[in-house]
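Report on the following structure.
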Amino acid sequence: MAFACFLIPNNEQVIQTEQFIVSNNLYSNNAVATSDSGFEIDNYSAKIDCSEGRKAKVTEQITVIYHEYRHGIYRDLNMANGEDYSKISVQGAEFSLEKNYDYIRLIIGSADRYENMEVPIQYTISYHVVMPKFEDSKDSLLYNVVPYGFTTSINSFDVDMTLPTSTVLGLQVHSGYMGIEGNPYSEYELKGNHLLIRNKEGMQLNSESGVGVRIDFPSGTLAKVVNLEPLYIFLVGAVILIAAIVVLFVFGRDDKIVEVVRFDPPYNMSPTDVGYLIDGKIDNEDITNLFFHWAKLGAMEIHEEDDNLVFVKTGELPDTCKPYEKSLFASLFLTGKIVNPNNFNSTFIDKFVNCKSSIKKEFAGKIYTKQSKNISKLFMLLAVLFVMIVSTLSDYIKYGAMDLSIGFLGIIIGFVVLGYYSMGKVLMEHIFKIHQKNKRIMYFLGYGLLGVVIAVAGMFLLSFMQKFTLIKSFCMIICPILTCWIAPYICKRTDEYNEILGEILGFRNFILVAEKDRLEALVKDNPEYYYDILPYANVLGVTDILQDKFKDIPLEMPYWYRSNNITLFDIYMMNNISRTLNGAVVSQVASATAKGVGNSVSKFGGGSSGGGFSGGGFGGGGGGSW
């Protein structure tokens with residue numbers, strides 16, 4: 001059959017269009033690329049089914065002859081202009097996939113063997129591609145039917161392109177190097193809704209040469225392709241999110257705290273216990289308040305000698321004290337009954353540092369119900385796994401293969417989501433979770449806003465690194481982030497914890513609202529009252545208020561403090577002692593901790609990865625051998 005070069009069949013009116021030139025950043029307009037002499041493409045044959053318009057089903061048969069030892073070929077599918085590929089498969093050889101921002105590279109062949117030389121070897125590549133809309137005309141179809149990016153010559157080619165309709169308003173074919181006008185290498189025929197293209201007899205395409213077409217159709221021919229993949233991803237994530245919200249409101253809401261008015265701290269609880277229970281964290285300052293608590297219990301005294309403070313052991317802690325207290329107290333006086341706070345022994349410092357974890361273990365299982373904690377962690381796990389699995393396996397499901405190196409990005413983002421959940425746990429246990437409703441709401445919304453910022457950052461990272469669309473990236477990460485915004489609050493307080501909080505908050509509120517005459521009556525009944533409650537006021541964050549209320553109330557020196565230089569002891573001197581001891585302990589702990597960290601620092605090396613190339617046009621891409 002003779003091929004002819006023509007424009008419009010069926011006497012349709014010709015619509016003149018500008019000469020079609022596909023842009024490609026890889027090639028300059030007049031450059032002649034060096035051909036790879038190690039192999040050649042004997043024939044490139046393609047069936048391109050565009051009956052659905054911009055969504056094309058492509059089958060390529062590439063026949064290669066190797067002149068040197070090579071493992072196989074690679075085929076680059078261009079994504080630089082917004083092309084979207086799916087259902088990639090290769091027949092005739094094994095293959096793997098590498099994904100770059102601008103292209104998908106199919107590496108065909110085996111690293112364990114070389115292909116036979118000087119005999120034709122055929123590879124069959126199939127894939128679906130959605131071509132972007134041409135900016136000048138939404139009903140024009142542009143496609144590189146023979147890719148421009150092969151690194152070797154193509155001896156012959158033939159293309160069968162199925163069009164969505166036989167009514168064509170304009171048709172142009174370009175062959176040769178990118179940017180050079182004309183069609184010297186191919187001939188074509190429009191037969192019904194099939195565009196047939198093949199090389200002119202005796203003409204071959206040089207390396208980096210190809211064939212591109214532009215076809216103009218009547219208005220409305222090329223319908224918009226709707227990609228439902230982001231919607232499916234969003235719906236799955238939304239199911240997890242909605243389930244978390246339902247569980248929160250049905251099972252996870254805390255019972256209301258009933259505050260009990262108390263003039264004294266809760267019975268059998270140290271200041272450190274109260275500090276941990278009120279906000280879920282333990283500061284160094286919380287632990288140093290144990291010194292005054294132990295003095296109140298009669299186990300030690302604080303003496304002033306030559307303008308220096310020293311601890312003097314006077315007894316043992318009662319059995320009501322918790323094991324971590326007894327262990328810390330024993331290490332304090334390990335070297336003798338008199339201890340200088342400016343020179344603690346190393347065992348005490350170690351015990352002091354480890355004390356935080358001991359306190360948490362002491363109350364493990366008593367703060368939140370086991371069932372609610374497990375449900376909270378379950379939703380966190382679902383959110384993290386959703387991000388990891390979807391972002392990692394999305395390419396595999398879509399293409400039939402995946403780039404493992406890029407898959408690690410999904411794992412990293414999963415750990416970011418996990419970190420966000422952990423941050424929410426800390427915030428949830430903060431004091432504002434318990435009282436001051438306006439601040440509690442402000443912190444909750446601020447935490448949610450932070451989640452949105454993380455989601456947006458993750459969205460752009462996924463879009464840039466894995467070439468996901470922004471809407472797909474958004475659907476992939478927003479629901480898991482919102483789930484981890486909700487999940488920490490599913491943890492429900494136990495009845496025991498609720499009761500203790502009622503007593504702690506009742507005592508705290510008494511300090512806030514107590515009037516002077518009531519405090520004077522308490523001091524009359526117990527001259528040590530101020531010193532007894534001061535450590536608790538410190539951990540509850542109301543020290544300044546307590547000091548202000550007692551500033552005009554006469555106080556005696558506490559029986560556990562000895563000094564030959566003080567004739568008048570007041571609250572200001574007591575607070576100064578507290579700050580001095582706290583500063584001494586914290587500075588030594590910080591110094592010891594810093595030395596420990598410094599000794600464990602490792603050096604990490606870095607690396608770099610190479611980039612790829614930037615293809616152009618719609619479809620096409622090119623390839624080479626390896």
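Of all residues in region 492-521, which are surrounded by fewer than 17 Cβ atoms within 10 Å (Cβ to Cβ) and of a type in the set (A, V, I, L, M)? Within region 492-521, Leu512, Val513, Ala514, Ala521 qualify.
Against the numbered list (1) in a helix (DSSP H, G or I); (2) open to solvent by 10 Å² or more (accessible area, probe 1.4 Å); (3) among the aromatic types (Phe, Trp, Tyr), Tyr530 comes up short only at (2). Of the residues making up region 197-238, those that are hydrophobic (A, V, I, L, M, F, W, C), open to solvent by less than 40 Å² (accessible area, probe 1.4 Å) and outside any loop (DSSP other than H, G, I, E, B) are Ile197, Leu205, Val211, Val213, Ile215, Ile233, Ala238.
If the condition is being part of a helix (DSSP H, G or I) and hydroxyl-bearing (Ser, Thr, Tyr), then region 369-398 contributes Ser372, Ser376, Ser391, Thr392, Ser394, Tyr396.
Residues checked against (1) at positive phi; (2) open to solvent by 40 Å² or more (accessible area, probe 1.4 Å); (3) of a type in the set (S, T, N, Q):
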{"residue": "Ser45", "(1), (2), (3)": "no, no, yes"}
{"residue": "Ser51", "(1), (2), (3)": "no, yes, yes"}
{"residue": "Ala80", "(1), (2), (3)": "no, no, no"}
{"residue": "Ser110", "(1), (2), (3)": "no, no, yes"}
{"residue": "Ile121", "(1), (2), (3)": "no, no, no"}
{"residue": "Ser126", "(1), (2), (3)": "no, no, yes"}
{"residue": "Lys133", "(1), (2), (3)": "no, yes, no"}
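For region 116-132, filtering for residues that are part of a loop (DSSP other than H, G, I, E, B) and free of Cβ contacts under 8 Å to residues at least 60 places away in the same chain leaves 4.
Selection of region 457-513 for residues being among the aliphatic types (A, V, I, L, M), more than 28 Å from Leu248 (Cβ to Cβ) and out of contact with any helix residue (DSSP H, G or I) (no Cβ under 8 Å at 6 or more places or on another chain) yields only Val513. You will find that of Asp279, Asp307, the residue that is of a type outside the set (S, T, N, Q), modelled with pLDDT under 90 and either closer than 30 Å to Lys361 by Cβ or open to solvent by less than 70 Å² (accessible area, probe 1.4 Å) (or both) is Asp279 and no other. Taking Asn227, is it among the polar types (S, T, N, Q) and more than 26 Å from His174 (Cβ to Cβ)? When the stated conditions are applied, Asn227 passes them. Restricting the search to region 70-100, which residues are under 22 Å from Val226 (Cα atoms) and not β-branched (Val, Ile, Thr)? Residues satisfying the conditions are Leu77, Asn78, Met79, Ala80, Asn81, Gly82, Glu83, Asp84, Tyr85, Ser86, Lys87. Selection of region 293-302 for residues being in a helix (DSSP H, G or I), open to solvent by 10 Å² or more (accessible area, probe 1.4 Å) and over 18 Å from Arg508 (Cα atoms) yields only Lys296.
Does Ile477 satisfy the condition of being within 14 Å of the chain's Cα centre (by Cα) and either closer than 30 Å to Pro132 by Cα or at pLDDT 85 or above (or both)? In short, yes. Looking at Ile477, is it open to solvent by less than 70 Å² (accessible area, probe 1.4 Å), out of contact with any strand residue (DSSP E or B) (no Cβ under 9 Å at 6 or more places or on another chain) and assigned to a helix (DSSP H, G or I)? Taking the combined requirement at face value, the residue satisfies it. Could you go through region 319-335 and let me know if any residue there is open to solvent by less than 50 Å² (accessible area, probe 1.4 Å) and touching a Gly at 6+ places or on another chain (Cβ under 7 Å). No, region 319-335 has no match at all. What about Asp548, is it surrounded by 16 or more Cβ atoms within 10 Å (Cβ to Cβ), within 26 Å of Ile282 (Cα to Cα) and modelled with pLDDT of 75 or more? When the stated conditions are applied, Asp548 does not pass them. Considering only region 241-275, state which residues are touching a residue at least 60 places away in the same chain (Cβ under 8 Å), open to solvent by 30 Å² or more (accessible area, probe 1.4 Å) and within 35 Å of the chain's Cα centre (by Cα). Within region 241-275, Ala243, Ile245, Phe251, Arg253, Asp254, Asp255 qualify. Is it the case that region 612-622 has a residue that's hydrophobic (A, V, I, L, M, F, W, C), surrounded by fewer than 14 Cβ atoms within 10 Å (Cβ to Cβ) and modelled with pLDDT under 80? Among the residues of region 612-622, not one is hydrophobic (A, V, I, L, M, F, W, C), surrounded by fewer than 14 Cβ atoms within 10 Å (Cβ to Cβ) and modelled with pLDDT under 80, which makes the answer no. Within region 336-379, being touching a strand residue (DSSP E or B) at 6+ places or on another chain (Cβ under 7 Å), within 19 Å of Asn284 (Cβ to Cβ) and open to solvent by 50 Å² or more (accessible area, probe 1.4 Å) holds for one residue alone: Asn340.
The values are calculated or read from the model by the stated rules, or taken from the named source; none is laboratory data. Computed from a predicted structure; not experimentally measured. When we count neighbours, we look across all protein chains shown, and the Cβ atoms used for this are built from the backbone with ideal geometry, even at glycine. Accessible surface is based on the protein model in full, side chains and every heavy atom, while ligands, DNA and RNA are left aside. Shrake-Rupley method; radii C 1.70, N 1.55, O 1.52, S 1.80 Å.
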